[in-house]
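Just below is one structure, and these are the notes that go with it.
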Amino acid sequence: MRPIIKASAIGKEYRIGVRSTSQGSLREALAGAVRAPLRWARRRGEGDSAGAFWALKDVGFEIQPGEAIGIIGRNGAGKSTLLKILSRITEPTEGRIELYGRIASLLEVGTGFHPELTGRENIFLNGAILGMKRAEIARKFDEIVAFAEIEKFIDTPVKRYSSGMYVRLAFAVAAHLEPEILIVDEVLAVGDVAFQKKCLGQMSSVAQQGRTVLLVSHNMAAIKWMCSRALLLHQGRLVEEGSPAQVVNSYLWAGRNNRAEASWDDLSDAPGNEVFRLRGVRVRNAAGDVTSELTAQESFSIEVDYQNFSPVVSLGATVVLYNEEGVCVFSSLSNRETQWHGRVFPAGVFRSTCRVPGHLLPEGRFSVTG
Ligand SMILES: Nc1ncnc2c1ncn2[C@@H]1O[C@H](COP(=O)(O)OP(=O)(O)O)[C@@H](O)[C@H]1O
Ligand SMILES: [Mg+2]
């Protein structure tokens, strides 16, 4: 069978501090206004002193029609860059992409939506971008609005929508306008659990209709449930592909070796961005010892140390615990913390501690991310 997507030796080089505006597509022009304010939070490129680095390098794969592909990897691995290249929102610096189908993509919040236009107008605009006739779009219209649960706001400009409404509409549009290829980047992190389930159900029915789905998600259970194959990106390279169970497992356990502590002496290597970087993360038992061996009965804590570079931000820490199957067991936000939450942080080193009571978790192996 002829693949519906073929990527050969794709590379994407970013020049630090330079944003390309000249070669943008229509979609990029539409979405640019919405995305611009998010840019400040981007991580500066690592390494290359010339101010350029490769966000993707030598990535090649083939996807058959009807496959549901999960793409996983840490923050900064290049997942969104890959989806943007596949969606033709940005050009690869090198390599070749072949696509044999109409694509609908839901990338960062705002992609493809014009802020000044209403929900109704954006639905028609997106349909037109997908090459659909007005009558075809009109037939899908009610279904889209109902799925997105925005009946009351359909004639309001989308710039007035909450981020949840925005994403619900964007997802509904992408999933209902009958694309041959549906590309979805991490939207499942937004919205409530009920909506996330609905999205997953919709994506899997899109896949069952024989359409091709590419999904980036940190929800490992969703990847395993929905996808027929998974790709693992690490520092811009495709390091593994195979069954979702196998790839999720290598992602969750790669290099972890029961480590009770991770620390970064050289901050330029540390996870983070120009606003903050992690200095260390560790697990301590009730006695205060750093250890990865705990009994299910004992309480323990997870410490996150980070360096804040900016004197004008308010930071929050999130700790997420996964079990061996990659199911998120809990996540903890620092928004109940009374001393710092919501305040402006001065530059300096901070520690957030998540205290986990005894008897909370069953026996097993757990991993921590943030
Ligand atoms: N427009 C851009 N300009 C410069 N660097 C970028 C741009 N977009 C992404 N990057 C960088 O490329 C790397 C990969 O980013 P991304 O594809 O967003 O990763 P992921 O989606 O896996 O978290 C990161 O280091 C990120 O900061
Ligand atoms: Mg991303």
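What relative contact order, as a whole-number percentage, does region 66-225 give when Cα pairs under 8 Å and 6 or more residues apart are counted?
Values: 222 pairs, mean separation 55.4, N = 160.
Result for region 66-225 is 35 percent.
One chain, two ends: residue 344 and residue 121. Fully extended at 0.36 nm per residue, the span grows by 76.4 nm beyond their Cα-Cα distance.
What does the extension gain come out to for residue 1 and residue 331, with contour length at 0.36 nm per residue minus their alpha carbon separation?
On the way: separation 330, 0.36 × 330 = 118.80 nm, distance 4.25 nm.
Value of the extension gain: 114.6 nm.
Among 72, 103, a tally of other beta-carbon atoms within 10 Å of each Cβ gives an order, fewest to most, of 103, 72. Phi angles across region 119-135 convert, under the Karplus curve 6.51 cos²θ - 1.76 cosθ + 1.60 with θ = phi - 60°, into 3J(HN,Hα) values of x, 4, 5, 5, 4, 5, 4, 5, x, 5, 4, 7, x, 8, 7, 4, 5 Hz, Gly and Pro given as x.
When 79, 224 are arranged by Cβ crowding within 10 Å, least crowded first, meaning fewest neighbours, the order is 224, 79. Of the residues 152, 140, 84, the one with the fewest other Cβ atoms within 10 Å heads the list, and the complete ranking is 152, 140, 84.
Between the listed residues 227, 169, 260, the Cα displaced farthest toward the positive end of the dipole of the chain, a dipole computed from Cβ unit charges relative to the Cα centre, is found at 169. 3J(HN,Hα) couplings calculated from phi for region 144-153 with the Karplus curve 6.51 cos²θ - 1.76 cosθ + 1.60 (θ = phi - 60°) are, in sequence order, 5, 5, 5, 4, 6, 6, 10, 3, 5, 10 Hz; Gly and Pro show x. Put a dot 7 Å past the Cα of residue 8, heading toward its Cβ, do the same for residue 359, and the two dots end up 6.3 nm apart.
Assuming 1.002 mPa s and 20 °C, estimate D for region 95-214 with Stokes-Einstein, Rh taken as the Kirkwood radius over Cα pairs, in µm²/s. List each step's numbers first, then the result.
On the way: Rh = 14.3 Å.
Stokes-Einstein gives a translational diffusion coefficient of 149 µm²/s.
Across the cross-link table entries 79/152; 6/159; 57/198; 84/198, which are compared at the Cα atoms, the separations over 30 Å belong to 79/152; 6/159; 57/198. Spin-label pair residue 260-residue 52: with each label point 7 Å from Cα along the Cα-Cβ axis, the two points sit 4.7 nm from one another. Once C-alpha pairs closer than 8 Å and six or more residues apart are averaged by separation and normalised to the residue number of the chain, the relative contact order reads 16 percent.
Pairwise Cα separations in the chain fall into 20 Å bins from 0 onward with the following percentages, short to long: 26, 58, 16, 0.
Taken over region 261-369, the alpha-carbon convex hull comes to 111 cubic angstrom per residue.
One chain, two ends: residue 139 and residue 369. Fully extended at 0.36 nm per residue, the span grows by 78.5 nm beyond their Cα-Cα distance.
Since every read-out is calculated from the coordinates, none of them should be taken as a lab result. None of the values given here were measured: they were computed from a predicted structure. Cβ sites come from the backbone with ideal geometry, for glycine too, and all protein chains shown count toward neighbours.
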